[in-house]
Every structure is written in structure tokens, then in C-alpha cells.
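**Student:** For reference, the structure I am asking about is given below.
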Amino acid sequence: MSNHLFDAFRAGVRPEAPFIETEAGQVWTYGDMFKLSARLAATLVKLNVQPGDRVAVQVEKSPEALMLYLACVRAGAIYLPLNTAYTLAELEYFIGDAEPRLVVSTPEAKKGLQPIASVKGAVVETLDDKGGGSLMALAASEAEDFDDVPRGPNDLAAILYTSGTTGRSKGAMLSHDNLLSNAATLREFWRFSSADRLIHALPIFHTHGLFVASNVIMLAGASMYFLPKFDAYRVLALMPRATVMMGVPTFYVRLIQSSELTRETTANMRLFISGSAPLLAETHRRFEVMTGHRILERYGMTETNMNTSNPYDGERVAGTVGFPLPGVLLRVTEPDSVKPVADGETGMIEVKGPNVFKGYWRMPEKTASEFRIDGFFITGDLGMIDERGYLHIVGRDKDLVITGGYNIYPKEIESEIDQLPGVLESAVFGVPHPDFGEGVTAVVVCKDGAALEEKDVLSALYDRLARYKQPKRVLFVAELPRNTMGKVRKNTLREIYADIYQN
Ligand code: AMP
């Protein structure tokens, strides 16, 4: 048996072709990728990582970090990337749940992580943003060839944690073929070739930067400019040498604020792709006026990879996410009866196809409740298909807040706030924010006689929650609006505070 995913990467590339160029101008060829991923795969084996073991990774973005993902694929391990913003309290849950054999952290985080990992019998090694650290030191003495561990299409390649509505994160299990089939579809659909050079300014712990961007590039044998994070100035400077950019809507909001964004600057670019959160139709139009390019918006999620895309050749309609990708079945249903709704009506988006994940890690009941008996996955997104067949994302059933491309479930933030002395209850929701798409906003009801201020709540949350999850505003109310069933009316809150971030 072959290694389903890595064999496909191997087949698509020439060893001498460039793969990654860093900000410092360092170029990694595909040959370099083969060598380092082999050395790291051998290191994993030495560290007793067996096929099917999890390798949890919380490190800064670097080419070496991407090689570690590939090393896991080659060694038959399950790659488990973690957001660099997660605090120790959050990491404790992920490590406890996933029970990795190995945890790879930054050198600074090792001390805090060690006791948490030890309880679960995991070893901690380090990788820094310059490609140093204890893991790399071990890899230095390994051979540049490695016999890839055989893996079939249904073997797991990765687990990516999503947020949980009940506050508990769920690990989405993604197989070799979930990743490969989707990357192959996107390569064809978006016309990637070895001549492409992608501007990669996304994080690599999330499906967008890790799988959509990197897997597609490797399958095409193309190359990418790796930026540690988005910076409009740097991205604009790269455009004359690049051909494609993948971004979250925030990137585009920032770019259109620059007078450097012109037809000339973007003349070499063939494609701008947006996803992970809704792109405002206004941003789409402004971008076109400034550059002549129509941004191609697509829709996907951690559990499903990419589901829909606006067309490459046909009309890219602002405010829509296009049509189901080849091989993806999509329907919009009445959530209770599961009957498809008529075009133009809103319902639950459900999808089925080789892209759809294998279930939530160690949560068989949760998994079963999110799939229909005919195999369709209930996305939790509400959508509408218009008369031309374009899908519109109408809202999120689960009250997810998306800020700067990251998902936040209000319940997790509410649980933290509710624990603070003097707090009776709270409600967290998202409202439009010019920079982040949505701003996390909290309303708090104090206990009788308690006098809390916004800064008290914010400082108490500082060490408890990743930065991006922290509310941008905390407001105080006498009581929460509720319906007759006692549920908090989040829509009402969103309406009341709709303009809070608009100047
Ligand atoms: P994640 O699992 O972090 O990739 O988040 C997936 C969620 O992001 C989806 O379920 C949607 O709610 C949202 N999403 C992704 N792409 C889009 C888009 N183009 N427009 C609106 N929402 C989107």
C-alpha cells in the first residue's frame, strides 16, 4: 500500500522547483522539502510516534512547521495543529482530549506545557520560528530518505479542533482522501499550475492556510511566498511577482484602504480568492473598481474542506459563495423535516462528498447527530440558493461569531465571564466591525449591589482566553432580552448594538 496523500504530492513536483520563499529571501525547493520532511518523519519514529498517534503542534508559522505536517503524513501520524493564541488553560483541554504522543511547542511555551503533557504521557519537543529547537536538533542527524508509512484513503491525516457550542471544542477527523480529493478538485477548478506563485499570509494551524493553500500548491508543484502574518504593505510589494492570493475578508478590507492597490500593482495577479467569513459585497465592488479583478469567494469549513466556489470563468457574484464544487452534493433543507426548501428560501445547508470529514474525535454521539441518515452533514450554516443557482450564506445557526476569519462560539466566552465575581449572567454575540468582519461583544448583568466596569471584565479575561476571543466591548444591562421559552434573544442584541463599531 502506498501513502495516499504524500504519494500525490510527490507525483506533482520537480525536486529542483521552488516551493517556499520566506520574507528573508530564503528559498526552499521541493527537494529540500523531501529531505527535511524525511528527517523529521524519522525523528517522529525515534520518538516512538506510531501510525495513528497524534502529534500536537503549537508553533509559529515557518517552512519547518509545514515540513512537520508533511513528516506526520509520511510517518502515518495524525497532525494536530493548534492556534498559537491558545492559552495554557485551553491547551490542557486539547492535550487531555487528543492524548498526543508528542507535543511540539515554541521553546518559550515548553516549561508551561511540560506538566500538562506529562500527565498524558506525551513528550514535548520544540520548534522556533527560525527553524531551531530541540526537534530540529534531533532531526539533524537523521537520513534524508524515509520509507513512507503506508496509509490508505480512509486513514486519518489530521485532527483540527473546531469551537463547540457547549463550550467544548470538537476534533474534526480528516482522512488522507478528504484532504487529497478536495485539493485535487480546487487545483483543477481554480486552474493552478506549476507556474503559480501564491501569496501565503494566512496562519497554518487552520484549514484555510494549511490545507486549501498549501495542499493545492503542492499538488500543482507551484510555489508560495510565506509571510508570518498579513501586512498590506508587504503583500502589495509581492504582487508584481505573484499570481494568486488566498485571504480572509479582513485582508481585502485592509488592501482597499491602500492607494497602492491599483491595476498596475495587480497586473501580474491572475486570481484573488476569499473565504472563511463573509466578504462584504461592498468590499468586492471596491476591489474591482481599484484593480479590475473580481474576487472569487468560496465557502468551506474545517469539517468539510471546501464546498462551493464562485466560477473561475463565469460571473463571480458579490455576496454569494457560488456553486457546489465538482463531486460535492449540497442541499438546503428545512431543519426539522429535512425537505429541500424552494429556491430563494432559507434553510440549513447540508453537504455530502469525499471532502466531508470522518466524524468528531471520540464523540460518536455528537458525530451521529450531525449527519442525516443518507450521509449528508448538517453544516449549521443557514443558506439560500437564488434563481441562478448561486448559494448565499444567510447566517449561522449556532450563533458563531467570526472575527478576523476566526470562529468564536459565544458560549465559551459567556462561561468565562459568568465565573467572575459580581457577574450574574452574560450574553456574547457578534456585530459588524469594519476591520474584523464581526467584533466580539459582551453584555453583562451584574449581581445586586455589584459594581463592575468594562476594564474589570477585560482584565480578568486577559489570561483566560486567546486574544482574538476577548470581547472588543463589554456593556452593562439590567436584564437580558429573552423569548417566552427563556432563551436569550441574540438577534435583538445584535440589532441594538449593530452600530457600536461604526464611526
Ligand atoms: P472554519 O471551520 O473555521 O473554517 O469555519 C467555517 C465557517 O465559516 C462556516 O461554517 C461558515 O459559517 C463560515 N464561512 C466560511 N466561508 C464563508 C464565506 N465565504 N461566507 C460566509 N461564511 C463563511
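**Student:** Tell me which lysines have Cα within less than 27 Å of K111's Cα, excluding those fewer than 8 residues away on the same chain?
**Tutor:** In chain and number order, the partners are K46, K61, K120, K130, K170, K229, K469.
**Student:** Choose one of M301, V443, V423: the residue whose Cα lies farthest towards the positive end of the charge dipole of the chain (beta-carbon charges +1 Lys, Arg; -1 Asp, Glu; about the Cα centre).
**Tutor:** The residue sitting farthest along the positive end of the dipole is M301.
**Student:** If Lys and Arg each add +1 and Asp and Glu each add -1, what is the summed charge of the other residues whose beta carbon sits under 14 Å from the beta carbon of P203?
**Tutor:** Details: positive: K61, K229, R467; negative: E60, D129, D231.
Here the charged neighbours net out to 0.
**Student:** Considering only DSSP beta bridges with both partners in the chain, what is the antiparallel share in %, to the nearest 5?
**Tutor:** Values: 48 of 81 bridges.
Bridges in the chain that DSSP calls antiparallel: roughly 60 percent.
**Student:** Of K472, K229, how do they rank once you tally other Cβ atoms within 10 Å and put the fewest first?
**Tutor:** Details: K472 18, K229 10.
Placing the least packed residue first, the sequence is K229, K472.
**Student:** Order of 168-176, 286-294, 136-144, 71-79 by packing, highest average Cβ count within 10 Å first? Numbers along the way, then the final one.
**Tutor:** Values: 168-176: 21.8, 286-294: 16.4, 136-144: 14.9, 71-79: 26.1.
Most protected by this proxy first, the peptides run 71-79, 168-176, 286-294, 136-144.
**Student:** Using alpha-carbon pairs under 8 Å, 6+ residues apart, how would you state the relative contact order of region 389-503 in percent?
**Tutor:** It comes to 25 percent, rounded to a whole number.
**Student:** If you take the square roots of the eigenvalues of the alpha-carbon gyration tensor of region 49-143 and sort them as a ≥ b ≥ c, do you get rounded (a/c under 1.5), prolate (a/b over b/c) or oblate? If you can, show how the numbers build up before the last one.
**Tutor:** Working: a/c = 1.57, a/b = 1.21, b/c = 1.30.
Note, shape of region 49-143 comes out oblate.
**Student:** Same structure, new question: If you put +1 on each Lys and Arg Cβ and -1 on each Asp and Glu Cβ, how big is the dipole of region 215-339 around its Cα centre, in Debye rounded to 20?
**Tutor:** Values: 13 positive and 11 negative charges, 53 e Å.
In total the dipole reaches around 260 debye.
**Student:** Also: Using a cut-off of 14 Å between beta-carbons, work out the net charge of the residues near A56 (Lys and Arg +1, Asp and Glu -1, A56 not included). It would help to have the intermediate numbers written out before the result.
**Tutor:** Numbers: positive: R54, R101, K110, K120; negative: D53, E90, E92, D97, E99, E125.
Local charge sum for A56: -2.
**Student:** Only counting other Cβ atoms within 10 Å, I'd like Y69, Y225 sorted with the fewest neighbours first.
**Tutor:** Values: Y69 23, Y225 19.
Going from least to most buried by this count: Y225, Y69.
**Student:** Okay, next question. Placing unit charges on C-beta atoms (Lys and Arg positive, Asp and Glu negative, everything else neutral), compute the dipole magnitude of the chain about its Cα centre in debye, rounded to 20. It would help to have the intermediate numbers written out before the result.
**Tutor:** Details: 53 positive and 62 negative charges, 60 e Å.
In total the dipole reaches around 280 debye.
Read-outs throughout are calculated quantities, based only on the coordinates presented, and are distinct from any laboratory measurement. Bear in mind the structure is a predicted one, so any value in this text is a computation, not a measurement. Using ideal geometry, Cβ is built from the backbone for each residue, glycine included, and neighbour counts are taken over all protein chains shown.
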